[in-house]
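Trainee: There's a structure below that I have some questions on.
Bear in mind that the values in this text are calculations on the coordinates, not laboratory data. Everything quoted here is computed from the prediction, not taken from an experiment. Cβ sites come from the backbone with ideal geometry, for glycine too, and all protein chains shown count toward neighbours.
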Amino acid sequence: MNFSDFNFNPDLYEGLMAMGYKSATPIQELAIPEVLAHHDLIACAQTGTGKTASYLLPVMDNISKAKNRHNNTLILAPTRELAQQIDLQVEALSYFTNISSLTVYGGGDGIAYEQQKRSMREGVDIIIATPGRLMSHLSSGVLNLSQLQHLVLDEADRMLDMGFYDDIIRIISYLPQERQTLLFSATMAPKIRGMATKILKNPKQITISIAKPAEGINQQAYNIHDQQKQALLTEIFKSGLYKSSIIFASTKEKVKGLNKAFKSLGIKAAAFHSDLEQKEREQILLDFKNRKLPILIGTDVLSRGIDVEGIDLIINYDVPGDPADYVHRVGRTARAESKGTAITLVNGKDKRRFENIEKLIEKQVPRIPLSEEIANMEIKHVEEKRHPSSRPNKRVWTKNKPNAK
């Protein structure tokens, strides 16, 4: 289906063409007509399917025809990074229109907070916000959303996972009952459906390829010991095969440790974590997007907070605990029908987790053999303490070491 079939406002359509949009993706083809018809909507689609444009385009078209545009639309997102990505799309699509937008999130200085307050009082077309910071503006009485016409919840499952349910319900209490509500989520857990029944009215429902990585992703896995992981990463990146990569680790401490190890090896990378100042985080993302930074290391906040084309490698340094998070992580590559590689490092304790992922995606991921050099590494093994009264026993053993007796 071509975008000309939707009969968008000519200025909006011109921005769409300038961005290189051609034919609609499946979620766009199904969702846009429902939003244009002012129906409430529950849409479930994996990352990389074009769901952001599937609500932005019809909402912006409705805004262009609206008589009252004072704080017309509110988009809630789980992280500041996703809010910024959405705002970038709004700016690009609205280039030939007079549609205005404002991002609202924590972490800025007092000047940024005051600028947010002033813009809210004057009124903008679209507010893109994280729930916590928006709630502080509503509680202070600065923000008036009594004339709001569109509410969008993007990555609704992630917002609930992050504990934003109460904030979302409180925010909705400030909104007019007569509004259009759009709920977009990559998964449709019972808690999402429970919230949907409270905040949507007779919604239309669309489901597109739940929890399945894109076909263009070359998924691979290595059975590996933790002490071999750094050597494997060094081998991968020293090969020069990949130009833009993201490494996902389970904790902030591991992210920092990997970054330190890469620096000592002369491999250019940057750690992305919550201890950084907001300006530092924004600069890292900008450098990564502009290809000045080839490797980004982060936790799962990146799996939904970054939307960059051309990422050709995803590495799961740790197997995610939630199978759905695996889909979000690997979904950062092979976007918009391109191709990419996703490598997962599976240690002994993570084997069951990875089997659960394979059940979810209904596919057995090929296991790649380690190089002889890495396979023959000396492994130092420390037994875990199993009882408070026991003391850990340390032993060193050699696996597949040549000439070992």
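Trainee: Return the distance in nm (one decimal) between the two label points of a simple spin-label model at E378 and A18, each offset 7 Å from Cα along Cα→Cβ.
Mentor: Reported label-point gap for E378 and A18 is 6.3 nm.
Trainee: Would you mind counting up the charge near K339? Only other residues with Cβ under 14 Å from its Cβ, with Lys and Arg at +1 and Asp and Glu at -1.
Mentor: -1
Trainee: Still on this model: Explain nothing, just compute: Karplus ³J(HN,Hα) = 6.51 cos²θ - 1.76 cosθ + 1.60, θ = phi - 60°, for every residue of the range 149-158 in order, whole Hz, x for Gly and Pro.
Mentor: In residue order, the calculated couplings are 10, 10, 10, 10, 10, 9, 6, 4, 5, 5 Hz.
Trainee: What are the residues whose amide H is under 5 Å from the amide H of L313, where those residues sit 5 or more places off or on another chain and H is modelled from the backbone?
Mentor: Amide H neighbours of L313, under 5 Å, 5+ apart: S244, I246, T341.
Trainee: As a check on your grasp of the helix formula, calculate [θ] at 222 nm for the chain: sum -39500 (n - 2.57) over DSSP H runs of n ≥ 4, divide by the residue count, round to the nearest 500.
Mentor: My calculation for the chain gives -12000 deg cm²/dmol from helical runs alone.
Trainee: With +1 on the Cβ of every Lys and Arg and -1 on the Cβ of every Asp and Glu, and nothing else charged, how large is the dipole of the range 3-208 about its Cα centre, in debye rounded to the nearest 20?
Mentor: Here the range 3-208 has a charge dipole of around 500 debye.
Trainee: Exceeding 22 Å between C-alpha atoms, which entries from my cross-link table qualify? They are K212/K243; K229/K268; K22/K243; K67/K198.
Mentor: K212/K243; K22/K243; K67/K198
Trainee: Right, something else. How far apart, in nm, are the 7 Å Cα→Cβ label points at I111 and I368?
Mentor: About 4.6 nm separates the two model spin labels.
Trainee: What distance in nm separates the two pseudo spin-label positions at A37 and L265, each 7 Å out from Cα along the beta-carbon direction?
Mentor: 5.4 nm
Trainee: Moving on. Counting only residues 5 or more places away or on other chains, whose amide H sits under 5 Å from the amide H of I75 once H atoms are built in the peptide plane?
Mentor: Amide H neighbours of I75, under 5 Å, 5+ apart: I127, I128, A129, V152.
Trainee: Can you work out ³J(HN,Hα) from phi for every residue in the range 338-353, in order, using Karplus 6.51 cos²θ - 1.76 cosθ + 1.60 and θ = phi - 60°, giving whole Hz and x for Gly and Pro?
Mentor: Each residue of the range 338-353 in turn: 8, 10, x, 10, 10, 10, 10, 9, 10, 8, x, 6, 9, 4, 5, 4 Hz.
Trainee: With springs only between Cα atoms under 10 Å, which of R332, R133, R158 fluctuates most in a Gaussian network model of the chain?
Mentor: Ranking R332, R133, R158 by mean-square fluctuation puts R133 first.
Trainee: Scale the Cα Rg of the range 217-396 by the rule-of-thumb value 2.2 N^0.38 Å and send over the ratio, two decimals.
Mentor: 1.07
Trainee: Let me ask something else about it. Could you compute the FRET efficiency for K351 and R193, with r as their C-beta to C-beta distance and R0 at 30 Å, rounded to 0.05?
Mentor: For R0 = 30 Å, the calculated efficiency reads 0.40.
Trainee: Shifting gears a bit: In whole angstrom, note down how far apart the Cα centers of the range 23-47 and the range 113-140 are.
Mentor: Spelled out, the Cα-based centre of one part sits 27 Å from the other.
Trainee: Separate question: For the range 3-208, compute Rh as the Kirkwood radius over C-alpha pairs and then the Stokes-Einstein diffusion coefficient at 25 °C and 0.890 mPa s; write the answer in µm²/s, rounded to an integer.
Mentor: 144 µm²/s
Trainee: Let me ask something else. Once you've got the GNM for the chain with C-alpha springs shorter than 10 Å, pick whichever of D275, D87, D226 has the biggest mean-square fluctuation.
Mentor: D275
Trainee: About the Cα centre, and with charges only on the beta carbon of Lys, Arg (+1) and Asp, Glu (-1), how big is the dipole of the range 217-396? Nearest 20 debye, please.
Mentor: Using only the charged Cβ atoms, the result is roughly 380 debye.
Trainee: Report the longest stretch of the chain that contains none of the GluC sites (Glu not before Pro) sitting in a DSSP loop with at most 14 other Cβ atoms within 10 Å.
Mentor: That would be 1-177.
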